[in-house]
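Written out below as structure tokens is the structure these notes cover.
The values are calculated or read from the model by the stated rules, or taken from the named source; none is laboratory data. Only a predicted model underlies this, so the values are computations on that prediction, with no experimental measurement involved. Heads up, the Cβs are rebuilt from the backbone with ideal geometry, glycines too, and the neighbour counts pull from every protein chain shown.
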Amino acid sequence: MAGSGGSASFAVNTTSGCAWTVVNNNNSFINVSTANSQSGSGTVTFSVAENPGDTRIGTLTVAGQNVVINQAPNDPLFGPWGGNVVKGSGCPASLPASVEWTGTFRRTSGATTELVITIPQAGVIGQVIPITFNGNNIQFFVQIDTLYTFNATLASDRRSLTGTFTGGGCTGTWNGSRR
């Protein structure tokens, strides 16, 4: 299923009078619009909501058989990321020269984008940060020993980024890729 969501259906072929059920296995992003109980041959119709995150998989159990529904992310930006932050000139000695970061870009229910970022060596653990977009350029702010401004440009496929950061007279570079 496309990341933007949509509707689909499939046929169930059985003998006349044979009863069967449709069970949505706790998939909040799948909505079954067909009656839960039917008999004889029929059609199961369902819709899938837009995917604001990483690839996801759901299942329906139909007549005792699992039907797997795979959905791609709507935007390759959303999901897990990781990369490196490398300090440049003017940075305090207490900041490591180079650190790894991990995070997840996600869309909020208000259709804004945020990054949940972790940089353990800098004491940043699971910090939720709003992201500002201007085309493929992004900006966000992280509080470490001072407030740092991170800017980056996403590659055209939105699966990697490179950029710079500044704060308190400190500058450096950072990069990342979709994992």
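A single member of N74, N84, N31 is at pLDDT below 95, out of contact with any helix residue (DSSP H, G or I) (no Cβ under 7 Å at 6 or more places or on another chain) and not aliphatic (A, V, I, L, M), and it is N74. Of all residues in the stretch 29-38, at least one satisfies being among the hydrophobic types (A, V, I, L, M, F, W, C), in contact (Cβ under 8 Å) with a residue 24 or more places away in the chain and surrounded by 17 or more Cβ atoms within 10 Å (Cβ to Cβ).
So that you can scan it fast, the table gives a plain yes or no per residue for (1) at pLDDT below 95; (2) at positive phi; (3) outside any strand (DSSP E or B); (4) surrounded by fewer than 15 Cβ atoms within 10 Å (Cβ to Cβ):
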{"position": "I117", "(1), (2), (3), (4)": "no, no, no, no"}
{"position": "Q121", "(1), (2), (3), (4)": "yes, no, yes, yes"}
{"position": "I138", "(1), (2), (3), (4)": "no, no, no, no"}
{"position": "V142", "(1), (2), (3), (4)": "yes, no, no, no"}
{"position": "D145", "(1), (2), (3), (4)": "yes, no, yes, yes"}
{"position": "F150", "(1), (2), (3), (4)": "no, no, no, no"}
{"position": "S156", "(1), (2), (3), (4)": "yes, no, yes, yes"}
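For beta carbons closer than 6 Å, sequence separation of 6+ or different chains, a first residue in the stretch 74-86 that is closer than 19 Å to C170 by Cα and a second that is assigned to a strand (DSSP E or B) and of a type in the set (K, R), there are no qualifying pairs. Of the residues G103, G53, G58, G79, the single one that is surrounded by 14 or more Cβ atoms within 10 Å (Cβ to Cβ) and touching an Asp or Glu at 6+ places or on another chain (Cβ under 7 Å) is G79.
Report every pair of residues separated by at least 6 positions or lying on different chains whose Cβ atoms are under 6 Å apart, first residue within the stretch 122-137 and closer than 12 Å to N151 by Cβ, second basic (K, R) and loosely packed, with under 12 Cβ neighbours inside 10 Å. Hits for this filter: zero, empty list. Among the criteria (1) free of Cβ contacts under 8 Å to residues at least 12 places away in the same chain; (2) closer than 21 Å to T118 by Cβ, the one A93 does not fulfil is (2). Reported count of residues in the stretch 61-107, each being polar (S, T, N, Q) and outside any strand (DSSP E or B), is 3. If the condition is being surrounded by 15 or more Cβ atoms within 10 Å (Cβ to Cβ) and not in a strand (DSSP E or B), then the stretch 123-136 contributes only I131. Among the residues of the stretch 5-34, those that are part of a strand (DSSP E or B) and β-branched (V, I, T) comprise V12, T21, V22, V23, I30, V32.
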